[in-house]
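Take a look at the structure below.
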Amino acid sequence: MAQTYEPVRPAKQLGFVHNNVDCIGCRACEIACKDKNGLPPGPRFRRVMQIEGGLYPDVYAYKINMSCNHCAEPACLPTCPTGAIWKRESDGIVDIDSTLCIGCRRCEAACPYGAPQWNPQAKIVQKCNMCRRNRCWP
């Protein structure tokens, strides 16, 4: 039987602001995030992708800086059979309790943004939690 869940309506919704005009695509944010979260090769909670196209002389290239969007109604949340994914009522952050994750990867398949990331060493799915776990801010 399918799980039903009532969407969380947080008191406030935190998110990321990124000035794409100033981004030079150096990927320092990617490396800092991997370092802060102690991630092995493979998973990246923050990803910088480059989009290129057009035909000479009308060419374009731009960077897209992505991480978890901490969605209002996350597609990953209802797919988790153990309830490991949850949305915080205080600030809207979508997080994963790694102790409850069984590694089924359903959340990874459900997320259209690729936010949940498989950690092959730990054999669980992890994702950005806006560095709440790492005490970067209260």
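The values are calculated or read from the model by the stated rules, or taken from the named source; none is laboratory data. These figures come from a predicted structure and were not determined experimentally. Positions of Cβ are backbone-derived with ideal geometry, glycine not excepted, and every protein chain shown enters the neighbour counts.
Among the residues making up the stretch 44-82, a single one is touching a helix residue (DSSP H, G or I) at 6+ places or on another chain (Cβ under 9 Å), among the small types (Gly, Ala, Ser) and either over 20 Å from Pro120 (Cα atoms) or in a strand (DSSP E or B) (or both): Ala75.
Restricting attention to the stretch 84-111, the residues being surrounded by fewer than 17 Cβ atoms within 10 Å (Cβ to Cβ) and at pLDDT below 95 number 6. Against the conditions (1) in a strand (DSSP E or B); (2) in contact with a helix residue (DSSP H, G or I) (Cβ under 9 Å, 6 or more places away or on another chain), Asp95 satisfies every one except (2).
Taking the stretch 108-126 as the range and being more than 11 Å from the chain's Cα centre (by Cα) and not in a strand (DSSP E or B) as the test, the residues that pass are Ala109, Ala110, Pro120, Gln121, Ala122, Lys123.
When the stretch 86-103 is filtered for residues that are within 16 Å of Lys123 (Cα to Cα) and not hydroxyl-bearing (Ser, Thr, Tyr), the ones remaining, listed by number, are Ile96, Asp97, Leu100, Cys101, Ile102, Gly103. Name the pairs whose Cβ atoms lie under 8 Å apart, with the first residue in the stretch 91-120 and in contact (Cβ under 8 Å) with a residue 24 or more places away in the chain and at negative phi, the second part of a loop (DSSP other than H, G, I, E, B) and among the β-branched types (Val, Ile, Thr), and 6 or more positions between them or separate chains? Within 8 Å, the pairs are Cys101/Thr82. Determine whether the stretch 120-127 contains at least one residue that is charged (D, E, K, R) and surrounded by 17 or more Cβ atoms within 10 Å (Cβ to Cβ). Yes, the stretch 120-127 contains a residue that is charged (D, E, K, R) and surrounded by 17 or more Cβ atoms within 10 Å (Cβ to Cβ). Taken over the stretch 39-96, the criterion of being over 16 Å from Cys128 (Cα atoms) and hydroxyl-bearing (Ser, Thr, Tyr) is satisfied by Tyr56, Tyr60, Tyr62, Thr79, Thr82, Ser90. Could we say that Ala122 is among the hydrophobic types (A, V, I, L, M, F, W, C), under 21 Å from Lys36 (Cβ atoms) and out of contact with any Lys or Arg (no Cβ under 9 Å at 6 or more places or on another chain) here? In short, yes.
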